[in-house]
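This report concerns only the one structure given below.
The values are calculated or read from the model by the stated rules, or taken from the named source; none is laboratory data. Note that the structure is a prediction, hence the values are computed from the model and not measured. Note that we place each Cβ from the backbone using ideal geometry, even for glycine, and neighbour counts take in every protein chain shown. Accessible surface is based on the protein model in full, side chains and every heavy atom, while ligands, DNA and RNA are left aside. Shrake-Rupley method; radii C 1.70, N 1.55, O 1.52, S 1.80 Å.
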Amino acid sequence: MRYRVLGRTGIEVSTHCLGTMMFGAVGNPDHEDAARIIHAALDAGINFVDTADMYSAGECEEIVGKALKGRRDDVVLATKVHFPLSEGRNRGGNSRRWILKAVEDSLRRLDTDWIDLYQVHRPDHTTDIEETLSVLSDLVRAGKIRAFGCSTFPAEDLVEAHHVAERRGLMRLRTEQPPYSLLARGVERSVLPTARRLGMGVMTWSPLASGFLSGAYREGRPVDLSAGRAKLTPHRFDPSVPGNAAKLAAVERFVALADEVGCTLPELAVAFVLVHPAVTSVITGPRTMEQLTALLKGADLVLEDRVLDRIDEIVPPGTDLYRADGVWQPPSLTEPASRRRPAGERAAADSAASGH
């Protein structure tokens with residue numbers, strides 16, 4: 001296992017980070033089995049564990065907390081805040097009010113006195129970034145968290161947060177956690193270069209693109225749209241959809257390339273992410289011990305330039321063939337009114353002035 005410093009925090013973390021989203025009701029409900037997987041990851045040299053308060057509505061944090069008993073000092077523990085865990089007003093987002101409550105709840109569930117990396121799970125444009133940075137800075141001073149970062153922030157939000165912190169004398173976002181894979185390379189355009197320029201550590205998620213790079217979905221094979229991730233978002237997996245057909249075609253070329261290299265498709269996918277100079281660690285989220293073993297098997301895989309050139313031919317740099325579920329989209333894309341002038345103002349020339 002290799003280790004890298006997480007941005008400019010001075011904290012050394014393994015290049016493989018154990019993601020725990022699949023522990024609990026949404027994945028593996030067996031707490032003892034999940035603990036065995038966590039222990040196996042630690043025994044293999046992984047010292048970086050990532051979770052979130054919203055994974056299985058808090059159950060995942062409880063599993064992680066129990067599994068780390070007696071080993072807490074050797075683990076860099078990361079969790080997140082933003083999504084609501086229950087219905088009601090002011091029970092989510094990035095406000096001081098919510099973060100102060102959420103961090104105490106996470107500390108209790110994790111059964112720990114501190115969190116090494118506390119991450120804002122998504123942007124919240126209803127809350128001033130100064131408000132968020134202020135409360136996070138206070139939590140560092142209080143000793144409840146050691147450092148803080150964000151997940152799935154666009155490059156412009158990273159820059160804004162950096163400048164606000166400088167102007168207001170606040171602590172800075174130290175990490176970013178974006179989706180990144182062979183099929184989702186959009187972050188190469190600006191997010192990764194910006195994070196690197198700002199000295200941020202980067203821990204990427206979804207290296208297997210929700211299973212597209214696991215080998216479970218292949219061109220010409222039927223896809224069961226009634227189970228797993230495909231059941232939740234069938235339009236994302238239906239092979240009759242042109243965009244999905246393009247992903248499956250790319251997967252076939254990646255399978256052939258992996259065969260040439262002498263590795264599995266998942267090993268190729270994980271090794272690719274770690275090549276980028278901005279990336280500190282890649283998050284892998286196994287549900288079973290077999291999945292963990294398979295992912296760790298390729299930990300020492302090094303991709304040569306000729307292989308990376310072939311990858312660029314299949315999916316060009318900065319190109320997204322796949323967009324991970326739950327990726328935040330700005331209102332400029334999600335709200336038509338934000339990019340459409342009122343009907344009466346759309347003409348190129350003023351009708352009164354032109355005589356029409």
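Identify the residue in the stretch 271-302 that is assigned to a helix (DSSP H, G or I) and in contact with a strand residue (DSSP E or B) (Cβ under 6 Å, 6 or more places away or on another chain) and, among all such residues, is least open to solvent (accessible area, probe 1.4 Å).
Step by step, filter the stretch 271-302, then rank; the result is Val273.
Residues in the stretch 101-114 that are more than 10 Å from Val81 (Cβ to Cβ) and surrounded by 14 or more Cβ atoms within 10 Å (Cβ to Cβ): how many?
Counting residues in the stretch 101-114 that are more than 10 Å from Val81 (Cβ to Cβ) and surrounded by 14 or more Cβ atoms within 10 Å (Cβ to Cβ) gives 6.
Would you kindly identify the strands (runs of 3 or more DSSP E) lying entirely within the stretch 6-97 that contain at least 3 residues that are at pLDDT 95 or above and open to solvent by less than 10 Å² (accessible area, probe 1.4 Å)?
Passing ranges, in order: 16-19, 48-50, 76-81.
Listed residues Thr126, Thr152, Thr132; which is at positive phi and touching a residue at least 12 places away in the same chain (Cβ under 8 Å)?
Only one candidate passes the filter, namely Thr152.
Tyr217 passes all but one of (1) crowded, with 19+ Cβ neighbours inside 10 Å; (2) in a loop (DSSP other than H, G, I, E, B); (3) at pLDDT 90 or above; which number fails?
Of the numbered conditions (1) crowded, with 19+ Cβ neighbours inside 10 Å; (2) in a loop (DSSP other than H, G, I, E, B); (3) at pLDDT 90 or above, the odd one out for Tyr217 is (3).
Anything in the stretch 165-186 that is in a helix (DSSP H, G or I) and open to solvent by less than 10 Å² (accessible area, probe 1.4 Å)? List them, or say none.
Within the stretch 165-186, just Ala165 meets the criteria.
Please state which of the following conditions Thr204 fails to meet, knowing it meets all the rest: (1) outside any loop (DSSP other than H, G, I, E, B); (2) open to solvent by 20 Å² or more (accessible area, probe 1.4 Å).
(2)
Looking for whichever is under 17 Å from Ala324 (Cα atoms), of a type in the set (Lys, Arg) and in contact with a strand residue (DSSP E or B) (Cβ under 9 Å, 6 or more places away or on another chain) here; the options are Arg236, Arg229, Arg185. Which one fits?
Checking each option against the conditions leaves just Arg185.
Quick check on my filter: what residues within the stretch 1-34 are touching a strand residue (DSSP E or B) at 6+ places or on another chain (Cβ under 9 Å) and hydrophobic (A, V, I, L, M, F, W, C)?
Selection gives Met1, Val5, Leu6, Ile11, Val13, Cys17, Leu18, Met21, Met22, Ala34.
Are any of the residues in the stretch 128-148 under 30 Å from Ile311 (Cβ atoms) and either of a type outside the set (Phe, Trp, Tyr) or open to solvent by less than 10 Å² (accessible area, probe 1.4 Å) (or both)?
No; the residues of the stretch 128-148 include none that is under 30 Å from Ile311 (Cβ atoms) and either of a type outside the set (Phe, Trp, Tyr) or open to solvent by less than 10 Å² (accessible area, probe 1.4 Å) (or both).
Please go through (1) touching a helix residue (DSSP H, G or I) at 6+ places or on another chain (Cβ under 9 Å); (2) free of Cβ contacts under 8 Å to residues at least 12 places away in the same chain for Lys231 and return the number of the only condition it doesn't satisfy.
(1) is the only condition that Lys231 fails.
If you go through the stretch 235-270 one residue at a time, how many are within 19 Å of Val307 (Cβ to Cβ), in a loop (DSSP other than H, G, I, E, B) and of a type in the set (A, V, I, L, M, F, W, C)?
Of the residues in the stretch 235-270, 1 are within 19 Å of Val307 (Cβ to Cβ), in a loop (DSSP other than H, G, I, E, B) and of a type in the set (A, V, I, L, M, F, W, C).
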